[in-house]
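K.L.:
Take a look at this one; I'll ask things after.
Here, each number is a calculation from the coordinates, and none is a lab measurement. For clarity, every value in this text was computed on a predicted model and none was experimentally measured. Please note: Cβ atoms are built from the backbone with ideal geometry, for glycine as well, and neighbour counts cover all protein chains shown.
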Amino acid sequence: MAIRLNIRATNVDAQIARTTRFGFFAETEYKIAMRQILAPVKADVKAGAPVFTGALQKEIWSKVSGTGANVTGRVANGDNTWYGNVIEFGRHKTRKQPPVGVIAEKYGVPFSEAFVIARAIAAKDARARIPVGYFAKARAKAYQLAMNGIYQANERIVAKMAAK
């Protein structure tokens, strides 16, 4: 489960080719803007995630990557919380059962008990009774923040270019 935002400043390749300063300013400002956008989105995702052991909330992370005017920001749950998708979207009984080996390994139960658990999960409709949607709620806010953040980053880039 992840929220991915891309800042792609189109039609600036010629400008970047003319001056390396623009590329540096653009990358710096867009990364700053993306970090400012992702911070409240990550906080919203963490606040909306259901808490049983707290592992899901602890594993939610954000990352900014990219170069020049093409910057990507991502908020996602970690690999150790693979069940985040199940919490977000649920699991239908028509799907095959979860892997028995994974249940046995993760929970330290014998293979025979893990098989019974997996079969029970497959037999029941394990959709969330009340859809959580902790990523979906944050995604809507992310796009609103992104538009404002990109606008402000562009203003800072223009101001820096004018000052040089």
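K.L.:
Calculate, axis by axis, the spread of Cα positions in region 31-70 along the three principal axes, and write the results as whole Å, longest axis first.
P.N.:
If we take the Cα atoms of region 31-70, the spans are 41, 14, 10 Å.
K.L.:
Oh, and also: For the peptides 143-153, 30-40, what is the packing order when you average, over each peptide's residues, the other Cβ atoms within 10 Å and list the highest mean first?
P.N.:
The most tightly packed comes first, giving 30-40, 143-153.
K.L.:
Which residues' amide hydrogens lie under 5 Å from the amide hydrogen of T72, considering only partners 5 or more residues apart or on another chain, with H built in the peptide plane?
P.N.:
For T72, the qualifying residues are I7, S65, G66.
K.L.:
Output the pairs from K63/K106; K42/K141; K42/K137; K46/K96; K63/K160 with a Cα-Cα distance over 18 Å in this structure; if there are none, say none. Working shown, then result.
P.N.:
On the way: K63/K106 27 Å; K42/K141 11 Å; K42/K137 11 Å; K46/K96 30 Å; K63/K160 25 Å.
From K63/K106; K42/K141; K42/K137; K46/K96; K63/K160, over 18 Å: K63/K106; K46/K96; K63/K160.
K.L.:
How high is the FRET efficiency from Q97 to F52, r the C-beta distance, R0 22 Å, rounded to 0.05?
P.N.:
Efficiency, rounded to the nearest 0.05: 0.50.
K.L.:
Pull out the extension gain between M147 and T28, defined as 0.36 nm times the separation in residues minus the alpha carbon to alpha carbon distance; nm, one decimal.
P.N.:
Between M147 and T28, full extension yields an extra 41.1 nm.
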